[in-house]
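Data block below; observations after.
The values are calculated or read from the model by the stated rules, or taken from the named source; none is laboratory data. None of these values were measured; they are calculated from a predicted model. A quick note on method: Cβ atoms are made from the backbone with ideal geometry, for glycine too, and the neighbour counts reach across all protein chains shown. Accessible surface is based on the protein model in full, side chains and every heavy atom, while ligands, DNA and RNA are left aside. Shrake-Rupley method; radii C 1.70, N 1.55, O 1.52, S 1.80 Å.
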Amino acid sequence: MRAFRAFSVTAAAALAVGLGASFATANPSGGGGGPTNIAVNPFRVHQGSTMQVSANGCGRGGVVRSHGNFDPTLLSPGSTNYATVRIYNHAAPGIHTLQVQCNDSSLIGTHKFQILSGNGAQGGVGGSLGPSAVETAIGAGLIGMAALGAGIHLKRRHRSARGRA
């Protein structure tokens, strides 16, 4: 049984390397060959969030598009190209495709990504978000009630202590 598992893992790895090599030779990077190695981070992104797109082969930069999901965004020039896109708040949830086109080539590369409904967590804002007016009013009311209760308690205790003496 272990030999079968080892064989199947080895066969899957060899298949992946073989397919990767055939795709790499079919669309070489540089020289106007179009975008290669397109990647997104994260793959699953909430409406209104940002996503990083990277590609290779667009020495003079390019543009990333996904109709109805985000504005066309410029890719940085260089050996590895980057763009940060902001997903529309009203973008439809589901699996979508983005397109990458280099400035020096008419070839278009595509990559899939997933839009999740709702807004993601506001991570990283720490204490920068203050309380709302309603939260402030509720907090002030609770503090006032506590002060009033403490005052009534002390007044009653003071009366009963005088009666014992």
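Ala14 passes every criterion in (1) surrounded by 10 or more Cβ atoms within 10 Å (Cβ to Cβ); (2) under 18 Å from Thr110 (Cα atoms); (3) at pLDDT below 90; (4) not β-branched (Val, Ile, Thr) apart from (2).
If you go through the stretch 37-92 and keep only what is open to solvent by less than 20 Å² (accessible area, probe 1.4 Å), of a type outside the set (A, V, I, L, M) and farther than 17 Å from Leu107 by Cα, you end up with Asn69, Phe70. Scanning the stretch 105-116 for residues that are surrounded by 18 or more Cβ atoms within 10 Å (Cβ to Cβ) and more than 14 Å from the chain's Cα centre (by Cα) turns up Ser105, Gly109, His111.
Right, Leu129: surrounded by fewer than 10 Cβ atoms within 10 Å (Cβ to Cβ) and either aliphatic (A, V, I, L, M) or at pLDDT below 80 (or both) or not? Give the steps one after another, and end with the answer.
Values: surrounded by fewer than 10 Cβ atoms within 10 Å (Cβ to Cβ): yes; either aliphatic (A, V, I, L, M) or at pLDDT below 80 (or both): yes.
So Leu129 passes the test.
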